[in-house]
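The structure appears right after this line, and notes come after that.
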Amino acid sequence: MLNLTAKKLASGIGEGDISSVEATQFFIDRITTHNGAINAVIAERFSDALDEAVLADDKVQRGEELGPLHGVPMTIKDAFEVTGLTCEVGYPAFKGRVSQTDALVVQRLRAAGAIILGKTNTPLLCADLQTYNAIHGTTNNPHNLGHTPGGSSGGSVAALASGMTPLEFGSDIGGSIRTPANFCGVFGHKPTFDIIPQRGHVPPIHGAKTSSPLNVVGPLARSMDDLELAFDTTVGLEGMPGRGLELVLPSSTFSSTDT
């Protein structure tokens, strides 16, 4: 399970070779075992995730149409609002703030079948190239606990690199996807501005409908195949479906030079 890409995991679940419950419990166990030292995952919804995994397996048994990430558990950067979880981005004024809606990226991932396990740490307001804040403390690089994983998507890449999640999503202004991906040896993509909508990303403030003029949101993964899959799943202008758009970049233009 640990060495499967998210794409292969989804395929195995869809073909009935692996159950979503098994996969979800596997990554929950990885988080429980390794997060104490790394401090990447700062909010969890394990019980709800297992319930959703049961429903995902039932859907497979009924032969229903499945999304490209069907039954795949994953974590996501704390900057994205997830219904029922806090969205604090290390800012004391946001401490305990529970989201009432999902960010648009989260909506699209869930529509593709992904199951959100929890959220990963960021520096204060996602504004640093390391990952520390006064609420959740320091996230450590899983390759060397005395080193930083980078930032601001440091919790995302630390979770990926330590096998606590098969897929992640981050955001980037001046290197917040690219720097931690480099520091921890995973893949990250900073897309063209706003081709993946930012609605539900914090900052700006919770519920804001406007996007930052500099920030972009994009996938993080342990393989190029997963990076492309997560990109294709979420790309598309706001108000349009997140998959199958003719107007977006074709797969042939997506290469390792884009990371």
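Here are some notes:
- In terms of packing, defined here as the mean over residues of other Cβ atoms within 10 angstrom, the peptides 201-210, 108-117 line up highest first as 108-117, 201-210.
- Under 5 Å, built H, 5+ apart or other chain: amide partners of Leu220: Glu168, Phe169, Gly170
- Summarising the label geometry, the points placed 7 Å from Cα in the beta-carbon direction at Lys209 and Thr83 lie 2.0 nm from one another.
- Counting only DSSP beta bridges with both residues in the chain, the antiparallel share comes to about 75 percent.
- Placed amide H near Ala43: partners under 5 Å, 5+ positions off or other chain: Lys119
- Averaging over all projection directions, the Cα-based convex hull of the range 142-229 occupies 5.8 nm² in the image plane.
- Its residue count N fixes a reference of 2.2 N^0.38 Å for the chain, and the Cα radius of gyration divided by that reference is 0.91.
- Its Kirkwood hydrodynamic radius, worked out from the mean inverse distance over all distinct Cα pairs, puts the range 154-196 at 10.6 Å.
- Each residue of the range 153-164 is assigned a 3J(HN,Hα), and the resulting list reads 8, x, x, 4, 6, 5, 5, 5, 5, 8, x, 8 Hz, derived from the Karplus form 6.51 cos²θ - 1.76 cosθ + 1.60 (θ = phi - 60°), x at Gly and Pro.
- Here the extension length gained between Glu22 and His143 equals 40.9 nm, from 0.36 nm per residue of separation less the Cα-Cα distance.
- Net charge, Ala221 excluded, C-beta distance under 10 Å - Lys, Arg +1, Asp, Glu -1: -2
- Simple label model, 7 Å out from Cα along Cβ direction - Ala127 to Val98, nm: 2.8
- In the chain, taking the dipole from charged Cβ atoms about the Cα centre, the farthest positive-side position among Gly185, Ile196, Asn215 is held by Asn215.
- Each peptide in 223-233, 138-148, 124-134 was scored by the mean count of other Cβ atoms within 10 Å over its residues; highest first, the order is 223-233, 124-134, 138-148.
- Rounded to the nearest 20, the Cβ-based charge dipole of the chain about its Cα centre (Lys and Arg +1, Asp and Glu -1) stands at 600 debye.
- Vicinal HN-Hα couplings computed from phi for the range 209-225 (Karplus, 6.51 cos²θ - 1.76 cosθ + 1.60; Hz; Gly/Pro x): 9, 9, 10, 5, x, 10, 6, 10, 10, x, x, 10, 7, 9, 8, 5, 4
- Here's the picture: a label point sits 7 Å out from the Cα of Glu64 along the beta-carbon direction, and within the range 93-122 the residues with their amide nitrogen under 12 Å of it are 113.
- Förster radius 51 Å - calculated FRET efficiency between Asp225 and Ala134 (Cβ-Cβ, nearest 0.05): 0.85
- Calculated from backbone phi, Karplus (6.51, -1.76, 1.60) coupling profile of the range 91-99 in Hz, x at Gly/Pro: 9, x, 5, 9, 4, x, 6, 9, 6
- Using only alpha-carbon positions in the range 8-155, the gyration tensor eigenvalues give semi-axes of 29, 17, 12 Å once each is multiplied by 5 and square-rooted (largest first).
No lab work stands behind these numbers, since they all come straight from the coordinates. Every value quoted in this text rests on a predicted model; they were computed, and no experiment measured them. Every residue, glycine as well, gets a Cβ built from its backbone with ideal geometry; the counts of neighbours run over all protein chains shown.
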